[in-house]
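The structure appears right after this line, and notes come after that.
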């Protein structure tokens, strides 16, 4: 007798791809809520505040562009904007260059001191930004350790006024942001196969040529990301400029504080904060585009 096989498919315990994707979407819900709560909603409120009329901290009028027109018509704002961007560019460049050197030593060097160097890089992260900035305030003041060394070695005849200078602000920001640049560069250097560098040296290329022809093109996207990160953070940094600037170095972040606390111009303060966001967004987008083009060209 011939057995009759039913053509009805037997149910399986496997989930369909559609149901699996639906489950994954639910798993991303907490992260989505978190991003909305801590970034999207506050940013929307900030942008809304920048086009409202304020009397002190109270909204008293309709939507207006006066906050931006008054801001862009103020020459002092443009001076502060230039100082902020120039400081951020220098900080980003120094952090990226120093971070690459430290990262290359940690990843490629066989030295027994590389673990110690890594601990030195990580150690600033265990204390707050304010504590680290006050540490530099103690070191750079007129009777601080740095000036004592300069006087003792006769490199200076009198104490150098570091506090209240852009140099002090840059030093404080580099100390705060250098770990981020190091970690970003370490990931890039680790992704480069050492065989490529050894092959270049075996073919007669020196260390400098090997770095510029082999290593640098491969790690360029990571360096761009490191600069992007340190630039964006330093653009809105407040503590270093407020403490080490000594009231003589004004940045956009300290200007926001002055507009809110001193002159009670909350609408203009929101407009300045919106400008910081805009500059960060434009810079990050441009550098991300450059990084993608760089990675495609490798």
**Item:** Filtered residue count, region 239-298, keeping only those that are under 27 Å from residue 164 (Cβ atoms) and assigned to a loop (DSSP other than H, G, I, E, B)
**Value:** 9
**Complete:** Of the candidates 66, 97, the one satisfying the condition of being more than 30 Å from residue 212 (Cα to Cα) and touching a helix residue (DSSP H, G or I) at 6+ places or on another chain (Cβ under 9 Å) is 66
**Request:** Being exposed (fewer than 14 other Cβ atoms within 10 Å of the Cβ) and in contact (Cβ under 8 Å) with a residue 60 or more places away in the chain narrows it down to one of 126, 138, 130, 121, so name that one.
**Result:** 130
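Give the residue, chosen from 215, 184, 209, that is in contact with a helix residue (DSSP H, G or I) (Cβ under 9 Å, 6 or more places away or on another chain), buried (at least 19 other Cβ atoms within 10 Å of the Cβ) and modelled with pLDDT under 85. First the steps, then the outcome.
Working: 184 fails: modelled with pLDDT under 85; 209 fails: buried (at least 19 other Cβ atoms within 10 Å of the Cβ).
Selected residue: 215, the only one of 215, 184, 209 that is in contact with a helix residue (DSSP H, G or I) (Cβ under 9 Å, 6 or more places away or on another chain), buried (at least 19 other Cβ atoms within 10 Å of the Cβ) and modelled with pLDDT under 85.
Can you give me the number of residues within region 56-95 that are outside any helix (DSSP H, G or I) and either farther than 21 Å from residue 247 by Cβ or within 18 Å of the chain's Cα centre (by Cα) (or both)? Full working, then the answer.
Start the filter on region 56-95 by keeping residues that are outside any helix (DSSP H, G or I), which leaves 56-65, 73-74.
Subsequent filtering for residues that are either farther than 21 Å from residue 247 by Cβ or within 18 Å of the chain's Cα centre (by Cα) (or both) retains 56-65, 73.
Qualifying residue count, region 56-95: 11.
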**Item:** Set 243, 282: member being out of contact with any strand residue (DSSP E or B) (no Cβ under 8 Å at 6 or more places or on another chain) and in contact (Cβ under 8 Å) with a residue 12 or more places away in the chain
**Value:** 243
**Prompt:** So which residues in region 66-91 are farther than 20 Å from residue 233 by Cα and loosely packed, with under 11 Cβ neighbours inside 10 Å, if there are any at all?
**Reply:** 73, 75, 76
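Output the residues belonging to region 239-253 that are over 14 Å from residue 81 (Cα atoms) and touching a helix residue (DSSP H, G or I) at 6+ places or on another chain (Cβ under 6 Å).
Residues of region 239-253 that are over 14 Å from residue 81 (Cα atoms), as a first pass: 239-240, 242-248.
239, 240, 242, 243, 244, 245, listed by residue number.
Being crowded, with 18+ Cβ neighbours inside 10 Å and either modelled with pLDDT of 90 or more or within 15 Å of residue 107 (Cα to Cα) (or both): is that true of residue 249 here?
Details: crowded, with 18+ Cβ neighbours inside 10 Å: yes; either modelled with pLDDT of 90 or more or within 15 Å of residue 107 (Cα to Cα) (or both): no.
Judged against the criteria, residue 249 is not a match.
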**Request:** Go through (1) over 23 Å from residue 229 (Cα atoms); (2) surrounded by 13 or more Cβ atoms within 10 Å (Cβ to Cβ); (3) without any contact (Cβ under 8 Å) to a residue 24 or more places away in the chain and name the single condition residue 105 misses.
**Result:** (1)
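The values are calculated or read from the model by the stated rules, or taken from the named source; none is laboratory data. Just so we're clear, the structure is a prediction, and the values are computed from it rather than from any experiment. Backbone-built Cβ (ideal geometry, glycine too); neighbour counts: all protein chains shown.
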